[in-house]
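Shown next, in structure tokens, is the structure this report addresses.
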Amino acid sequence: MTGLLLLLPKATIGIAALLALLLDSLSGGRARRRVVLAVVVLLSAGAVVAMVGIGRTGVFLEGALVVDRFSIFADIVLLVLGAVVALAALNGVGSDKDAGDFYTLFFLSLAGASVLASAGSLIMVFLAIELALIPTFALVAFRAEDRRSFEAALKYFLLSVFASAIMLFGFSLVYGAVGTVALPLPGDAASSGLLLAGIGLTLAGFGFKIAAFPFHQWLPDAFEVSHPEVAAFLAVGPKLAAIVALVRILEGLAAQNGAWTSAVAGIAVLSMVWGNLGAFRQRRLPRLLAYSAIAHAGYALVGLAGGGARGMDGAVVYFAAYSAAVVGAFLVVGILARGGIGDSLGDIVGLGRRRPLVAAALTVFMISMVGVPLFAGFWGKFSVFLGAVEGGVAWLAVVGVLNSAMSFGYYGNVIRLMYLEGGTDATPPRSAAGAPAGGVSAHGQTVVAGAEGWGIRVALGVAVAFTMLLGIVPGILFGALGVSAGL
Amino acid sequence: MSVVLVAIFAVPLLVCAALFVGAAVASRRGEIPTRGWGRLAGWISSAGALTSLVLAVTALLSYRAGVDVSVSAVWFHVGDLEVPFSLRLDGLQAVMAVVVAAVAFLVHLYSVGYMHGDRDVSVYFAELSLFTAAMLLLVLSSNFFLLYVAWELVGASSYLLISFYFERPAAAAAGKKAFLTTRVGDLGLLIALFAIVWQTGSLDYDAVFAWAATPGFQGAWAVAIPLLVFAGAVGKSAQFPLHVWLPDAMEGPTPVSALIHAATMVAAGVYLVARAYPLFEAAPVSLDVVAYIGAFTALMSATVAVTQSDIKKVLAYSTISQLGFMMAALGAGAPEAGVFHLFTHAWFKALLFLGAGSVIHATGRQTVQELGGLVRTMPVTAWTFAVGGLALAGIPPFAGFWSKEEVLGSLLAHQPVLAAALLVASFLTAVYIGRLFFLVFLGGPRLAGDVRARGHESPWVMALPLLVLATASLVSGFFGAGFLGQRLQHFLSIGAAGAEPPGTPAWFTALAIAVGVAGLGAAWLGYGRSSQRAGEALGFDIQLRSTLGRAYGVVERAYLVNEFYGRMVVGPLVAAGRFLWLGVDGRVIDRAVDGLARVVPGLGGLVRRVQSGEVRDYLAAVAFGVIFLVALALGGLR
Amino acid sequence: MTTPALVLSSVLFAIGVFGVLTRRNAITLLVSVEIMMNAANINLVAFSRVHEPAAMTGQVFALLGIGIAACEAAVGLALILAVRRRFGGTDVQSIDLLKG
């Protein structure tokens, strides 16, 4: 497999976006449904093609686009993510009259994330970030019946363009200091105030993309009001691609290690502490997940702060390992919302009785996010903390482990609530005969219990499978990153 | 042959998976779990544990016969680091595996009776099987990484078991506390693991121990690594200052306490130190730390145990104390003695817990004030409990005597001061176990008219394990004299030494016995006589309380360590969380910006406006973060 | 040679940041951000003349940046319009349903 074939996985995302454009012109839910299913198959095939490409490298557009172990790894995760989210949205957002718009925006953003993971120059990084983010402004606002979704989208937008402008200014300073936009940046660049200020501004821009403290405020609002499928994507797609791009930018700057590692360590600690403390006080599952996402961004940065190759790999692995659990958790939120159960912590009391499989799945995700061995999340934590110790910042690993211990407080609470007896919520449990019991979701729609559709159930099964499979056979996770590096 | 080691832990793991799937399928079909189903689950998992036991004994015998049963495969690569999935068996591991599997089997069996009629028993047995599998994996692993994975799994499954009664807030809190406290220790183990990888590039026991024996093992890491490993052991084995979780963990079902908090999981810390002994030997100062922490814990917990009125709390503090004995022996350079004590303790402490469970099951009471005279209605429980108590008190010829005598002897040779401290602890041990036995089983019922508190004998599935364990508590001490043709301590073959420990002087052995007898005698004087008459049982406790005044209260509340942690650690964390929440996540940053503004007067007007609106709080925070980052980055300009 | 340009761009950037932090109208906020982006564009063009005048990398970057800014503005204005319809204004201070 040579040349342009390496770009085939990315091309499938583009084709998916084009197919989605046609969705609205197709009359009838059945035809639309077939197209979405075809797209899911297409993306899955793209993921397989990407796996075949493991270990190969390629350079395109005079270095602006790079296919290497990082980008292949990210493509695999993004394609699987795209397929899972598209499937999950089948009966939810996808059954809207706006389904075509939703899928188009979603796949465009996914394409942006994929290109971002391959970006070989600062120009491409900037273009790809914007391609990944601009559609998400609309996606956050997609729940048009709730005006709060516009509020969240506006805040997200304003913060995002502010951060983009800061990052672009940072890029311009870095360009001025080193004289090139090609990545990796020359490692022998003289340490100047211009370069270091540029790095600081760049880090701030990326801090926003991965929602690290103090650039995180858009996240809880956006997660709370948007469709769970959108939140699932936001929690993983742009972040994973951004961390790959950040690694690519920082990789070359070994001479400036002292400068940026201390800055990264600073926001890593603050993100972990802030996110975990904040999550303790949350009463709604999406907000809890949002604050925990801030903490998880902090863990990933711990690996980056190590400054070494293993820590950088670790940061990328971290987001991938975390992704299965967080996507799954948001799918559970989606099932709860469509089932009329609601997503506050009070609503999930007794879920273990009413929906045992959904509760078991959420338990798996929570355990994975704590970082218990034999679940995917453990390997992410393992690799970033190992990277930190090897990078000589063992104290950061200590802070990280203490934080993950602390996070058990609220993750464990979710598990506990689900397995409590009874519960105070008024939703009638699903009757044994399967007769639909009506209910009103937290968002005001009348929904039918058990009507979340098979798509999201299958997607949830995939998320559980990945969380456990990556936990038991982490080789498939590390393998895609390790082989081509000749390690 | 090599399949055996995998099968030992895989069988309970499969049982666990099968039970979980069964429970999920049953609930999916809307079937309420029936008693029959729960009982079946109990028998299935008991059969699984029995299979593990048979396999473990087989493996031990084949190890004795010199057959190589080790398993090794590459699990995965992390960059240049090869993470192996490897199991092996040496004397120490073989003995541990048999102990774990045997106690696990007996506890499974006992649970069939104990959990009879409780809800969700299939889930209980699934969790119990998961724990058994993880614990067996822990002792069979031949590298530090797999050990750590199993270590965490053991912690997670014990969390599930402790908080099995989720709806009881105390049970849920206890599970959480156990998990969090032990994780503080696990943190040390994890950092040690990273340091080992970093320094040697290998995780295999043999490779790491070979490295520890080289002159290259020096400097700060050479001291830090064993101490960090010990931190893990301190957490798991409930040693001071991380012992606070174990008494609370008694909220779990009593058979769980017997398995996890007496015989296996808490012993994992002792096993870890014995396993990693070459690392400790290379840094003698770390051994001193182990010895002093162990002896201090032993003495401190023994005093607390004397004052407790909850049967399970007495046994919990007793366990902490006995683990301290083991640690002290390890620290004194006699790992064989420490593990020998672990071996005997596993039987008699499991016996005591199951006996206590039998009492609780029959009467629904677990404080000594409410119980009494049960020897008449529960003879099997009473007499087996007496055997366990005598073993714990160190009265010959029961098992505890032989191992405790070796522990004390080894300390006498190396750390006479600690030997004296442990003698005092031995005396207190005899006092508290005597007190417990006299109050619960002798005398008459303390609450007049309380029919249920009179108790009844437990069914055979519960009585059988008691009898088996009582037998083991009697004979396991003799293994110190001979086990498969050699002394058990030799069979273990820990560390580099393996030399015969210095014989204990006869006068010291006599003294140790005398201390035990004296302790029991004191307990008889304080509680045995008075308990003959109903209603006056705790007269001596009241007398002690009035004599000692506030000191007694402090001891009774376990030296206020919990209160100290509550005020110093938990309180500030909760306050920080509340501050953050009330501050609605933007106000705090405002305050920081505010402070900055006071330093830079011109910004004052700006800050007032920043505080006024929501999005602008966020934008200000971003700006603040940019300043922070650029400042940090420019700080690197030298 | 780049110093005057750097001073100009820094001043513009600071003005933009000040605008973002002080203005209450969402549209003015957006304009302030545009000023910040143009400060970066000035930098890019100026540095390009020093480093690689023939390749025009910086100029290309700046042009693409302007294009991106236009895209952002388009989506942003649509959002602001939608918000104006539902909240009755574009003062970001009055839009605070979500918190915590």
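Each residue in the range A:383-400 was checked for being crowded, with 20+ Cβ neighbours inside 10 Å, at the interface with chain B (Cβ under 8 Å from one of its Cβ atoms) and out of contact with any Lys or Arg (no Cβ under 8 Å at 6 or more places or on another chain), and 3 pass. Close contacts from the range A:357-383, counting a first residue that is among the charged types (D, E, K, R) and a second that is surrounded by 24 or more Cβ atoms within 10 Å (Cβ to Cβ) and at pLDDT 90 or above, with Cβ to Cβ under 7 Å and a gap of 6+ residues or different chains, come to A:381/A:299. Taking the criterion of being closer than 15 Å to residue B:268 by Cβ and among the small types (Gly, Ala, Ser), the residues of the range B:152-180 that qualify are B:155, B:156, B:157, B:158, B:178. Between C:22, C:90, the distinction of being within 26 Å of residue A:153 (Cβ to Cβ) and free of Cβ contacts under 8 Å to residues at least 60 places away in the same chain belongs to C:22 only. Residues that are in contact (Cβ under 8 Å) with a residue 24 or more places away in the chain and within 15 Å of the chain's Cα centre (by Cα) within the range C:34-50 comprise C:34, C:36, C:37, C:38, C:39, C:40, C:41, C:42, C:43, listed in sequence order. For residue A:302, the test of being buried (at least 24 other Cβ atoms within 10 Å of the Cβ) and modelled with pLDDT of 85 or more is passed.
None of B:124, B:114, B:110, B:165 is surrounded by fewer than 24 Cβ atoms within 10 Å (Cβ to Cβ) and of a type outside the set (Gly, Ala, Ser) except B:165. Applying a threshold of 6 Å to beta carbon distances and a minimum spacing of six or more residues, or different chains, the list of pairs starting in the range B:247-276 at a residue that is closer than 13 Å to residue B:155 by Cβ and ending at one that is surrounded by fewer than 24 Cβ atoms within 10 Å (Cβ to Cβ) reads B:249/B:174.
Per-residue answers, yes or no, for (1) touching an Asp or Glu at 6+ places or on another chain (Cβ under 6 Å); (2) away from chain B (no Cβ under 14 Å); (3) of a type outside the set (Val, Ile, Thr); (4) surrounded by fewer than 24 Cβ atoms within 10 Å (Cβ to Cβ):
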{"residue": "A:109", "(1), (2), (3), (4)": "no, yes, yes, no"}
{"residue": "A:113", "(1), (2), (3), (4)": "no, yes, yes, no"}
{"residue": "A:127", "(1), (2), (3), (4)": "no, yes, yes, yes"}
{"residue": "A:135", "(1), (2), (3), (4)": "no, yes, yes, yes"}
{"residue": "A:139", "(1), (2), (3), (4)": "no, yes, yes, no"}
{"residue": "A:145", "(1), (2), (3), (4)": "no, yes, yes, yes"}
{"residue": "A:164", "(1), (2), (3), (4)": "no, no, yes, no"}
{"residue": "A:199", "(1), (2), (3), (4)": "no, no, no, no"}
{"residue": "A:207", "(1), (2), (3), (4)": "no, no, yes, no"}
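From the list B:54, B:74, B:139, the lone residue that is surrounded by 24 or more Cβ atoms within 10 Å (Cβ to Cβ) and more than 30 Å from residue A:420 (Cα to Cα) is B:139.
Could you list, in sequence order, all residues of the range B:107-158 that are touching a Cys at 6+ places or on another chain (Cβ under 8 Å) and among the polar types (S, T, N, Q)? Selection gives B:129 alone.
Candidates A:230, A:273, A:247: the one that is more than 13 Å from chain B (Cβ to nearest Cβ), part of a helix (DSSP H, G or I), β-branched (Val, Ile, Thr) and surrounded by fewer than 24 Cβ atoms within 10 Å (Cβ to Cβ) is A:247.
Among the residues of the range A:115-125, count how many are outside any helix (DSSP H, G or I) and facing chain C (nearest Cβ under 10 Å).
Qualifying residue count, the range A:115-125: 1.
Every residue, every condition in (1) of a type in the set (Phe, Trp, Tyr); (2) within 8 Å of chain C (Cβ to nearest Cβ); (3) in contact with a strand residue (DSSP E or B) (Cβ under 8 Å, 6 or more places away or on another chain); (4) not in a helix (DSSP H, G or I), yes or no:
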{"residue": "A:85", "(1), (2), (3), (4)": "no, no, no, no"}
{"residue": "A:130", "(1), (2), (3), (4)": "no, yes, no, no"}
{"residue": "A:153", "(1), (2), (3), (4)": "no, yes, no, no"}
{"residue": "A:189", "(1), (2), (3), (4)": "no, no, no, yes"}
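Considering the conditions (1) more than 8 Å from every other protein chain (Cβ to nearest Cβ); (2) under 17 Å from the mean Cα position of the chain (by Cα); (3) surrounded by 18 or more Cβ atoms within 10 Å (Cβ to Cβ), residue C:67 is excluded by exactly one of them, (3).
Within the range C:24-45, is there a residue that is part of a loop (DSSP other than H, G, I, E, B) and buried (at least 21 other Cβ atoms within 10 Å of the Cβ)? Full working, then the answer.
Residues of the range C:24-45 that are part of a loop (DSSP other than H, G, I, E, B), as a first pass: C:24.
Cutting the leftovers down to buried (at least 21 other Cβ atoms within 10 Å of the Cβ) gives us none.
Among the residues of the range C:24-45, not one is part of a loop (DSSP other than H, G, I, E, B) and buried (at least 21 other Cβ atoms within 10 Å of the Cβ), which makes the answer no.
Can you name the residue in the range C:46-90 that is part of a loop (DSSP other than H, G, I, E, B) and aliphatic (A, V, I, L, M) and is also nearest to residue A:169 (Cα to Cα) among such residues? Quick ask: steps written out before the conclusion?
Step one: of the range C:46-90, the residues part of a loop (DSSP other than H, G, I, E, B) are C:52-56, C:88-90.
From the residues that got through so far, the ones that are aliphatic (A, V, I, L, M) too are C:54-56.
Working: C:54: 22, C:55: 20, C:56: 18 Å.
Of everything passing the filter in the range C:46-90, C:56 is nearest to residue A:169 (Cα to Cα).
Residue B:214 meets the conditions (1) touching a residue at least 60 places away in the same chain (Cβ under 8 Å); (2) not in a helix (DSSP H, G or I) in every case but one. The failed one is (1).
Within the range C:11-37, being facing another protein chain (nearest Cβ under 9 Å) and either in contact with a Lys or Arg (Cβ under 9 Å, 6 or more places away or on another chain) or not aliphatic (A, V, I, L, M) (or both) holds for C:13, C:16, C:18, C:20, C:21, C:22, C:23, C:24, C:26, C:29, C:32, C:34. Per the conditions (1) within 11 Å of chain A (Cβ to nearest Cβ); (2) closer than 21 Å to residue B:259 by Cα, the sole criterion not satisfied by residue B:170 is (1). When B:249, B:195 are checked against the criterion of being small (Gly, Ala, Ser), surrounded by 20 or more Cβ atoms within 10 Å (Cβ to Cβ) and in a helix (DSSP H, G or I), a single residue qualifies: B:249.
Of everything in the range A:300-319, what is on the phi < 0 side of the Ramachandran plot and either more than 14 Å from chain B (Cβ to nearest Cβ) or not in a helix (DSSP H, G or I) (or both)? Give them in sequence order.
A:300, A:308, A:319
Looking at residue A:437, is it at pLDDT below 85 and of a type in the set (A, V, I, L, M, F, W, C)? Yes, satisfied. Scanning the range B:198-208 for residues that are in a helix (DSSP H, G or I) and either surrounded by fewer than 20 Cβ atoms within 10 Å (Cβ to Cβ) or among the aromatic types (Phe, Trp, Tyr) (or both) yields B:198, B:199, B:200, B:205, B:206, B:207.
The values are calculated or read from the model by the stated rules, or taken from the named source; none is laboratory data. For clarity, every value in this text was computed on a predicted model and none was experimentally measured. Backbone-built Cβ (ideal geometry, glycine too); neighbour counts: all protein chains shown.
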